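**Q** Structure provided below as structure tokens; questions to follow.
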Amino acid sequence: MMIDEIIAEEIATIKMNIEKNGLKEKRVLVTGGSGFIGSWLCDVLISLNSEVTCLDNLSTAKRDNVNHLLKEKLFKFINEDACTFKSDTKYDFILHLASHASPEEYIKRPIETLRTSSLGSHNILELARKSDATTLFTSTSEVYGDADIIPTPESYFGKVDPVGSRSCYYEGKRFAEALFLAYHREYKLDVRIARVFNSYGPRIRSDGSYARVVPRFITQALANQPITVYGDGMQTRSFCYISDTIIGLLLLLTNGKARGEVVNIGNPEEITILELAQKIKQFTQSVSSITFRSLPKDDPRRRCPDIRKIEKLLKWKPKISLDRGLKKTIGWFFTNHL
């Protein structure tokens with residue numbers, strides 16, 4: 001199995017932005033490495049000649065995402081849980097992405113979701129401390145809850161329901177953030193935290209409870225099926241194309257100025273969900289109708305990142321507009337799923 005042309009082109013673009021950041025011949029552990037963002041990181045790291053260990057128990061990810069890397073001498077896949085994984089390898093870098101990420105999915109598996117963020121993060125941090133590895137944690141915009149401040153800066157402490165149906169995800173992530181910074185303060189471990197806002201692009205899952213809004217709308221539109229919008233569609237989100245997300249994460253991982261920092265990684269281009277559905281219908285030339293369903297409990301009204309901190313710290317900002325990113329993603333789904 002080979003990587004497809006669309007993804008290969010994106011990897012080449014990513015490398016142009018991060019190639020000089022000292023990842024060559026470094027040992028890198030990626031937890032959740034078969035997932036959407038994790039598999040992209042594995043691809044880019046291998047292309048930079050890093051020695052990559054992909055750790056994933058495949059509870060939410062597809063091994064297909066990394067099967068093409070199994071032939072690479074510098075790549076190793078380990079099917080284990082981040083909560084129990086042990087290793088004597090000394091890693092230079094660890095990217096801790098292992099997590100449930102789809103609301104429909106983590107609401108069904110709240111205990112496992114909390115275990116991964118708590119026990120899994122503790123286990124990986126102990127491994128990082130043994131290696132003295134620079135360690136990046138992918139947190140989420142969900143830590144802000146139903147934010148009162150839009151665009152939302154890192155200094156905002158959040159407006160969350162600690163016992164609501166989604167709390168297993170965002171409270172788990174909030175605990176993990178606290179744990180990472182505790183290791184930084186007590187053990188001087190070099191940690192960095194990325195609060196990722198709604199990333200999308202080629203390879204994102206569109207099936208069942210794993211489907212997020214962009215791939216769900218695209219597959220519905222391409223099949224000329226009704227596009228299902230929850231609530232009245234006036235809630236907003238901000239979507240960041242995968243290549244921009246990966247560049248931001250790798251700059252955060254490798255820049256010495258980012259030690260102990262927490263930053264938003266996202267695109268501040270805010271859009272309503274109804275507008276998103278209409279765009280995707282237009283770009284796919286679909287005859288789908290747009291239908292409305294009940295809004296899930298605890299669904300945030302607005303979500304948009306303030307990215308001034310990462311712009312100043314790392315000179316990063318997204319380059320791919322929503323229209324361009326959607327067209328790229330639609331092209332990939334058309335090629336790979338029809």
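**Q** Count charges around Phe36 for me, please; just the other residues with Cβ under 10 Å from its Cβ, Lys/Arg as +1, Asp/Glu as -1.
**A** Spelling it out: positives minus negatives among the neighbours equals +4.
**Q** List nothing, just return the count: lysine pairs in the stretch 57-169, 8 or more apart or interchain, with Cα separation under 27 Å.
**A** 17
**Q** Positive end of the dipole of the chain, charges at C-beta (+1 Lys, Arg; -1 Asp, Glu), about the Cα centre: which of Leu181, His96, Ala277 has its Cα farthest in that direction?
**A** The residue sitting farthest along the positive end of the dipole is Leu181.
**Q** Same structure, new question: Share of antiparallel DSSP beta bridges in the stretch 148-305, in percent to the nearest 5?
**A** Rounded to the nearest five, the antiparallel share is 20 percent.
**Q** Under a Cβ-Cβ cut-off of 13 Å, what is the net charge of the residues other than Lys86 that fall near it, where Lys and Arg count +1 and Asp and Glu count -1?
**A** Working: positive: Lys130; negative: Glu80, Asp81, Asp88, Glu126.
Local charge sum for Lys86: -3.
**Q** Residues with amide H under 5 Å of Arg166's amide H, sequence separation 5 or more or different chain, H placed in the peptide plane at 1.01 Å from N; which?
**A** none
**Q** Same structure, new question: Quick check: net charge around Ile265, other residues with Cβ under 15 Å of its Cβ, Lys/Arg +1 and Asp/Glu -1?
**A** Net local charge, Ile265 excluded: +3.
**Q** Given Cβ point charges of +1 (Lys, Arg) and -1 (Asp, Glu) and nothing else, what value in debye, to the nearest 20, does the dipole of the stretch 182-338 about its Cα centre take? Spell out each step's value before the answer.
**A** On the way: 27 positive and 14 negative charges, 81 e Å.
Rounded to the nearest 20 debye, it is 380 debye.
**Q** Which value at 222 nm does the chain reach when only helices count, each DSSP H run of 4 or more adding -39,500 (n - 2.57), with the total divided by all residues and rounded to the nearest 500 deg cm²/dmol? Don't skip to the answer; put the middle values down first.
**A** Details: 11 runs with 128 residues, N = 338.
The helix-only estimate for the chain comes to -11500 deg cm²/dmol at 222 nm.
**Q** A further question on this structure: Which of the GluC sites (Glu not before Pro) across the stretch 65-165 are loop residues per DSSP, with 16 or fewer other Cβ within 10 Å? Spell out each step's value before the answer.
**A** On the way: sites: Glu72, Glu80, Glu104, Glu105, Glu112, Glu126, Glu142, Glu154; in loops: Glu72, Glu80, Glu154.
Here the GluC sites (Glu not before Pro) that fit, given the DSSP loop and packing criteria, are Glu72, Glu80.
**Q** Would you work out which of Val229, Leu119, Ala147 lies farthest towards the positive end of the dipole of the chain? Charges go on Cβ: Lys and Arg +1, Asp and Glu -1.
**A** Farthest towards the positive pole: Ala147.
**Q** In degrees between 0 and 90, to the nearest 10, how far off the longest principal axis of the chain does helix 322-337 point, with axes built from Cα atoms?
**A** Once rounded, the angle reads 90 degrees.
**Q** Given bins 10 angstrom wide, list per bin the percent of all Cα-Cα distances in the stretch 107-212, short to long.
**A** Pair shares across the bins are 13, 39, 36, 11, 0.
**Q** I would also like to ask the following. Using the count of nearby Cβ atoms within 10 Å as a rough guide to exposure, how do Phe197, Phe77, Phe175 rank from fewest to most?
**A** So the ranking, lowest neighbour count to highest, is Phe175, Phe77, Phe197.
**Q** Report, for the chain, the % of DSSP beta bridges that are antiparallel, rounded to 5.
**A** Just about 10 percent of them are antiparallel.
**Q** Ok, one more. Give a quick list of trypsin sites (Lys or Arg not before Pro) in the stretch 1-87 that DSSP marks as loop, anything other than H, G, I, E or B, with at most 15 other Cβ atoms within 10 Å. Walk me through the intermediate numbers first.
**A** Values: sites: Lys15, Lys20, Lys24, Lys26, Arg27, Lys62, Arg63, Lys71, Lys73, Lys76, Lys86; in loops: Lys20, Lys24, Lys26, Lys62, Lys71, Lys73, Lys86.
Here the sparse-neighbourhood loop sites are Lys20, Lys24, Lys71, Lys73, Lys86.
**Q** I've got another one for you. From the list [x] -0.81, -1.55; [y] -0.85, -1.27; [z] -0.95, -1.29, can you say which value of log10 I(q)/I(0) by the Debye sum over Cα atoms at q = 0.12, 0.16 Å⁻¹ was derived from the structure given?
**A** Calculated log10 I(q)/I(0) by the Debye sum over Cα atoms at q = 0.12, 0.16 Å⁻¹: the matching label is [x].
Every read-out reported here was derived from the displayed coordinates using simple, explicitly stated rules and does not represent laboratory data. Since the structure is predicted, the reported quantities are computational estimates derived from the model, not experimental observations. Quick reminder, even Gly has a Cβ in these numbers, built from the backbone with ideal geometry, and neighbours come from all protein chains shown.
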